[in-house]
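Here's the structure, in structure tokens; my notes come after.
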Amino acid sequence: MRKYLFFGLMMLVSSIQAQKFEDLAKTPPMGWNSWNKFACDINEKTIRETADAIVSSGMRDAGYMYLVIDDCWQVKRDSNGTIIADPERFPSGMKNLGDYIHSKGLKFGIYSDAGTATCQGRPGSRGYEFQDARTYASWGVDYLKYDWCNHGKQNSEAAYSTMRDALYKAGRPVVLSICEWGTTKPWEWAKNVGHLWRSTEDIINCFDCKNYWGGLGVVQIIDLFTEIGTYTGPGHWNDADMLEVGNGVLTPDEERLHVSMWAMFSSPLMAGNDLRTMSKETVSILTNKEVLAIDQDKLGISAIRWMQFGDYEIWFKPLEDNAFAFCFINRGNQPVTVDQDLKTSIKKYVIDGSYGIRDLWKHEDIGNTKDNVRAVLGSHAVLMVKLIKK
């Protein structure tokens, strides 16, 4: 009898833990990740200063809550198999660093890999999933980015499910970010495994390009989201990868288009620049609360490409409270003219002439749906509007 009572209790505890995990990421996670700017050149000082900058810049108040340390923080395992952080770069240890991040009102994220080694050759978690999960819990980790290098012949769903189970057993609620680059169509299987999954190959710092190893520019990633939007929603998100805003290559217009479309997709928003030295314009792009609200909309519906005329596209996204967002984007090098009637039916949604139209980048009301939306879009520019019922 005791055995059955104990088993029942353990099942109840497991169910409670799973429910706590399911309550995470009801809107797409927002934060900062070290990789795009710093790659392996990370250390405790940089992370502490970044935590300070998230607060002082207003990014925390805008919703950027997760500070994620990517690859290269780890160097080896000790004789008991416990993962060891680089003692030269992180002399205070990960627990103390996590405490500092938490003291700023932020959440602590870390990186590992489902393979035997990370993408940069550091120790992976294969065979150590439950031990690593306990270690991360003891450090106060709130978010795990879990990569897919050196995975051998593992099945991706099984490998990521093992880490999910390890996190459950460790007992600390952790957002699990699946990062297998969309290679095994995680949108089809990952809803009950992680909270978000990379839907594309790695982003690279360019607007329209593709690298020989598979890295993608902004518009290449946009194209991949035309078919997978139905898989996203509260607690389970298609991840378009980290932002390249503020990294010195994209123009301000391209950066606004970049953020706009990630928001339209309800993608997690992870800044990837040096927050300590960013310009006022970069801050204004990253912290535009009207645009971020589109990303964080509680319905969590991803945009569809409504119309396409060569390099000129119109994207549509339903919002809560019977509101809608539209993005007019110019992917080309020549200006395009917008002259669009938004009184229409799109799938089950009907838009009549009773909506006001607000330009979310200019923070201006620009008319209503009784009249056409009119504008001229420069090269690589965006017009992002919200339709609000009057």
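The values are calculated or read from the model by the stated rules, or taken from the named source; none is laboratory data. It should be emphasised that the depicted structure is a prediction, and the values quoted were computed from it without experimental measurement. When we count neighbours, we look across all protein chains shown, and the Cβ atoms used for this are built from the backbone with ideal geometry, even at glycine.
Residue-wise test of (1) in contact with a helix residue (DSSP H, G or I) (Cβ under 8 Å, 6 or more places away or on another chain); (2) of a type in the set (Lys, Arg).
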residue	(1), (2)
Tyr128	no, no
Asp142	no, no
Asp147	no, no
Lys153	no, yes
Ser156	yes, no
Gly171	yes, no
- prompt: Among the residues of region 236-258, is there at least one that is without any contact (Cβ under 8 Å) to a residue 40 or more places away in the chain and crowded, with 24+ Cβ neighbours inside 10 Å?
  reply: yes
statement: Across region 193-208, the tally of residues that are under 24 Å from Phe130 (Cα atoms) and touching a residue at least 40 places away in the same chain (Cβ under 8 Å) stands at 5
message: I'd like to know if region 181-189 contains one or more residues that are in contact with a helix residue (DSSP H, G or I) (Cβ under 6 Å, 6 or more places away or on another chain), of a type in the set (S, T, N, Q) and either farther than 23 Å from Met65 by Cβ or part of a helix (DSSP H, G or I) (or both).
response: yes
- prompt: In region 1-51, how many residues are at pLDDT 95 or above and either on the phi > 0 side of the Ramachandran plot or not hydrophobic (A, V, I, L, M, F, W, C) (or both)?
  reply: 19
- prompt: Are any residues in region 296-318 touching a residue at least 60 places away in the same chain (Cβ under 8 Å) and more than 19 Å from Tyr231 (Cβ to Cβ), and if so, which ones?
  reply: Tyr312
field: When residues of region 331-390 are limited to those that are assigned to a loop (DSSP other than H, G, I, E, B) and in contact (Cβ under 8 Å) with a residue 60 or more places away in the chain, the one surrounded by the fewest Cβ atoms within 10 Å (Cβ to Cβ)
entry: His363
Hits in region 48-59 (condition: polar (S, T, N, Q) and free of Cβ contacts under 8 Å to residues at least 60 places away in the same chain): Ser56
- prompt: What tally of residues in region 233-281 results from selecting those that are within 23 Å of Leu67 (Cβ to Cβ) and not in a loop (DSSP other than H, G, I, E, B)?
  reply: 14
- request: Could you grab me the full set of residues in region 132-161 that are free of Cβ contacts under 8 Å to residues at least 40 places away in the same chain and polar (S, T, N, Q)?
  value: Asn150, Asn155, Ser161
query: Limited to region 234-264, what total is found for residues that are at positive phi and over 13 Å from the mean Cα position of the chain (by Cα)?
result: 2
- request: Starting from region 25-47, keep only residues that are more than 19 Å from His195 (Cβ to Cβ) and assigned by TED's automatic domain parsing to the domain that holds Gly109, then list their pairs with residues that are aromatic (Phe, Trp, Tyr) and outside any loop (DSSP other than H, G, I, E, B) whose Cβ atoms are within a distance under 7 Å, requiring at least 6 positions of separation or different chains.
  value: Thr46/Phe38
field: Extreme residue, surrounded by the most Cβ atoms within 10 Å (Cβ to Cβ), among residues of region 282-297 that are assigned to a loop (DSSP other than H, G, I, E, B) and out of contact with any strand residue (DSSP E or B) (no Cβ under 6 Å at 6 or more places or on another chain)
entry: Asn288
- request: Report those strands (runs of 3 or more DSSP E) wholly inside region 46-137 carrying at least 1 residues which are within 21 Å of Phe21 (Cα to Cα) and in contact with a His (Cβ under 9 Å, 6 or more places away or on another chain).
  value: 107-113
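Rundown of residues vs (1) closer than 17 Å to Trp73 by Cα; (2) polar (S, T, N, Q); (3) surrounded by fewer than 24 Cβ atoms within 10 Å (Cβ to Cβ); (4) out of contact with any strand residue (DSSP E or B) (no Cβ under 9 Å at 6 or more places or on another chain), yes/no style:
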| residue | (1), (2), (3), (4) |
| --- | --- |
| Thr118 | yes, yes, yes, no |
| Arg134 | no, no, yes, yes |
| Tyr160 | no, no, no, no |
| Leu167 | no, no, no, no |
field: Any hit, region 194-217, residues being assigned by TED's automatic domain parsing to the domain that holds Phe21, crowded, with 16+ Cβ neighbours inside 10 Å and part of a helix (DSSP H, G or I)
entry: no
query: Which ones in region 163-213 are among the aromatic types (Phe, Trp, Tyr) and at negative phi?
result: Tyr168, Trp187, Trp189, Trp197, Phe207, Tyr212, Trp213
message: Can you tell me which condition Gly332 does not meet? The list is (1) in contact with a Gly (Cβ under 9 Å, 6 or more places away or on another chain); (2) under 23 Å from Leu24 (Cβ atoms), and all the others hold.
response: (2)
Test for Asp311: is it of a type in the set (Asp, Glu) and under 18 Å from the mean Cα position of the chain (by Cα): no
